[in-house]
1. For residues in the stretch 118-129 being surrounded by fewer than 18 Cβ atoms within 10 Å (Cβ to Cβ) and of a type outside the set (Asp, Glu), which is nearest to residue 179 (Cα to Cα)?
2. May I ask you to verify whether residue 158 is of a type in the set (D, E, K, R), closer than 26 Å to residue 91 by Cβ and not in a strand (DSSP E or B)?
3. Can you name the strands (runs of 3 or more DSSP E) wholly within the stretch 177-251 that have at least 1 residues being β-branched (Val, Ile, Thr), in contact with a strand residue (DSSP E or B) (Cβ under 7 Å, 6 or more places away or on another chain) and within 17 Å of residue 314 (Cα to Cα)?
4. Suppose we filter 229, 233, 181 for residues that are in contact with a helix residue (DSSP H, G or I) (Cβ under 7 Å, 6 or more places away or on another chain) and open to solvent by 60 Å² or more (accessible area, probe 1.4 Å); which single one remains?
5. For the stretch 383-409, enumerate the residues that are modelled with pLDDT of 65 or more and either open to solvent by less than 40 Å² (accessible area, probe 1.4 Å) or outside any loop (DSSP other than H, G, I, E, B) (or both).
6. Of the residues 294, 280, only one is over 17 Å from residue 450 (Cα atoms), part of a loop (DSSP other than H, G, I, E, B), open to solvent by 40 Å² or more (accessible area, probe 1.4 Å) and not acidic (Asp, Glu); which?
7. Output the residue which, of all residues in the stretch 251-286 that are in contact (Cβ under 8 Å) with a residue 60 or more places away in the chain and in contact with a Leu (Cβ under 7 Å, 6 or more places away or on another chain), is farthest from residue 327 (Cα to Cα).
8. Out of curiosity, is residue 364 at pLDDT 60 or above, open to solvent by 50 Å² or more (accessible area, probe 1.4 Å), closer than 30 Å to residue 229 by Cβ and not in a helix (DSSP H, G or I)?
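The values are calculated or read from the model by the stated rules, or taken from the named source; none is laboratory data. The model shown is predicted, which means the values in this text are computed figures rather than measured ones. Using ideal geometry, Cβ is built from the backbone for each residue, glycine included, and neighbour counts are taken over all protein chains shown. Note: accessible area is taken over every heavy atom of the protein model, side chains too, but ligands, DNA and RNA are not part of it. Shrake-Rupley method; radii C 1.70, N 1.55, O 1.52, S 1.80 Å.
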Amino acid sequence: MKIYSRKIWLACYAAIALLVFLGSYGDSQVAALDKSNYKALRTFTEVLDIVEKNYVEKVDMNTLVKEAINGMIKSLDPHSAFMTVEMFKELEVETKGSFGGIGIEITMQKDVLTVVSPIEDTPAFNAGIKAGDQIIMIDGQYTRDLTISDAVKKLRGKDGTKVTLTIMRDGQDKPKDYALVRAIIKVKSVKMKLLEKNIGYVRLAAFQERTTGDLKKALGELATQTPPVQGIVLDMRNNPGGLLNQAVEVSDLFMKSGTIVSTRGRTKNTESNAVARDNGDEPTCPMVVLVNEGTASAAEIVAGALQDNGRALIIGTQTFGKGSVQTVIPLEDGSALKLTTAKYYTPNGRSIQAEGIVPDIIVKYVAPADAKTPTEGRMRERDLKGHIKSQKENEDQTPDTPAHGALRERDLKGHSKSLQEDSAQTPETLTGEPDELTRDNQLKSAVDILKSWAIFKKTLKAE
C-alpha cells in the first residue's frame, strides 16, 4: 500500500466527510461506503498525492481540494454550486442589500461570457449593452477561463469606480470597448400604475425579501381607485425569479383557495405543498399575466399557480423553464453548498423543468424600430449545459433543434446570474407615456382582453 502524506489523508478524509454529509442531509441511512466509492476516493487521494509531490511548482492543498469539490458540484447541473465564504456573503447581498455594479444578467454560452439582458436604467443599459453581447474581456483580462462567480466579482465594485468591457456583437467586425462607471443598482421589485384610467398595471421585476409587502401596498392602492379598476395586468416578463417563499406569498395575495406549488425530491424533507388562504382582501377583478422567455423560477411558480387555478389568463411566450429548487447548505468553514434538492410542480402536477409555462394565448413581442434590446435569441433553461432534463426530453432522444433561432439551455454553461437589487419599502408608482400601448403589443393585448372582458360581462347582464 502506498504511503501518502498527512495532508493528503486529511484531504481524503474531508472528501469522505463531505460525501457522508451529503448522504446524511436526506433521510437515507448513512451506511459504509461501498467498494466502488472507496476505490474512487482512493484514486482521488492518489492523484492529490502525485500532484503535491510532482507538480512543477508548489501547490496549496486547500486550494486543490476546494477546486475538486467545485468541479464535482458543477458537474451536477447549472444551478448547483460550491460557494466560498466570499461567494456565500455575495448571495446574502443579492437578496437583502444594494451594491455597486453595472446592471446586467450574465451566463456562459458555449464557454463565452454572454449578456442575458441589461437591467433598465443602469450603466450597462444606458451605455447600449445588449442581450446576446459576448463579454470577451473585463478590464483587459480575457473571460474565457472565468466562472460566473468570478465574473460577477469583477463586474461589481464600489459606486463611482470604472470597469471596461470588451464586447463582441453579431454584425460587428471586431470587439468594442465600453467604459462603464459602476453605480448603486436599485431595482424596485414592485411598480404600479393605471392604464386607461381603470386598468391596474403591476410590474414584478424580481422576488426579493420585501416583494410581498410592496405588492400588498400596491394592490391596496389599486383597491382605492375611483372608478374601481376593471382588471389587473401582472407583468412578470424578464423576471428572473428569486425567493421561493415570496413566490408562494405573492400567489396567495391573488388566490382565496387552492394549491400554489408543491416540491418533490429524493428525500421526505424536500417535499412540501403550499396552499392559498382566504385573507378576505384578495382582488376579485379579472387578471392577465404577461410572461416571456425571461420569466423564470419563482415567477413561473406564480404564473403556474394562477393558470392552473383559473385565476388569471396567461399571455406572451413560453417561459424559461427553471423548475428546480436549490437549497443553500452552510458548511463549517463559512462556505456553503447551493444544491439542487427538488423539483417544483404546478397545482395540476406539471413539472416545468426545461419546459416552462405555455401561455393560454401566445403573443410574440414585436419590438419598436428604436428598441435598445433585441428580442431574438433569448435563452431558456433547456439551453443550459448539463440542465436537468424534462420528462419529454428523456422520452425523446432525438437531437433538439432550437425553434425560431432561439438559444437552448443545453448549449450553455452556467446559470444566469442577476446583478440587481434592492427592493424599496414602498412600491413605485409609474406614469406611462401616451404611446406606451402602441409600443408594447403584448401589453396592449392584455389591456384589450381586460376591456373586452368588462364589455362582455355587461352584455351578459343586459341579456
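1. Within the stretch 118-129, the subset surrounded by fewer than 18 Cβ atoms within 10 Å (Cβ to Cβ) is 120-121, 126-128.
Then keep just the ones that are of a type outside the set (Asp, Glu); that gives 126-128.
Working: 126: 12, 127: 9, 128: 11 Å.
Among those that are surrounded by fewer than 18 Cβ atoms within 10 Å (Cβ to Cβ) and of a type outside the set (Asp, Glu), it is 127.
2. Judged against the criteria, residue 158 is a match.
3. Values: elements: 183-185, 190-195, 199-204, 231-235.
Where strands (runs of 3 or more DSSP E) fall fully within the stretch 177-251 and carry at least 1 residues being β-branched (Val, Ile, Thr), in contact with a strand residue (DSSP E or B) (Cβ under 7 Å, 6 or more places away or on another chain) and within 17 Å of residue 314 (Cα to Cα), they are 199-204, 231-235.
4. Every option except 181 fails the conditions.
5. Of everything in the stretch 383-409, those that are modelled with pLDDT of 65 or more and either open to solvent by less than 40 Å² (accessible area, probe 1.4 Å) or outside any loop (DSSP other than H, G, I, E, B) (or both) turn out to be 383, 384, 387, 390, 391, 392, 393, 394, 395.
6. Going through 294, 280 in turn, the sole match is 280.
7. Among those that are in contact (Cβ under 8 Å) with a residue 60 or more places away in the chain and in contact with a Leu (Cβ under 7 Å, 6 or more places away or on another chain), it is 286.
8. yes
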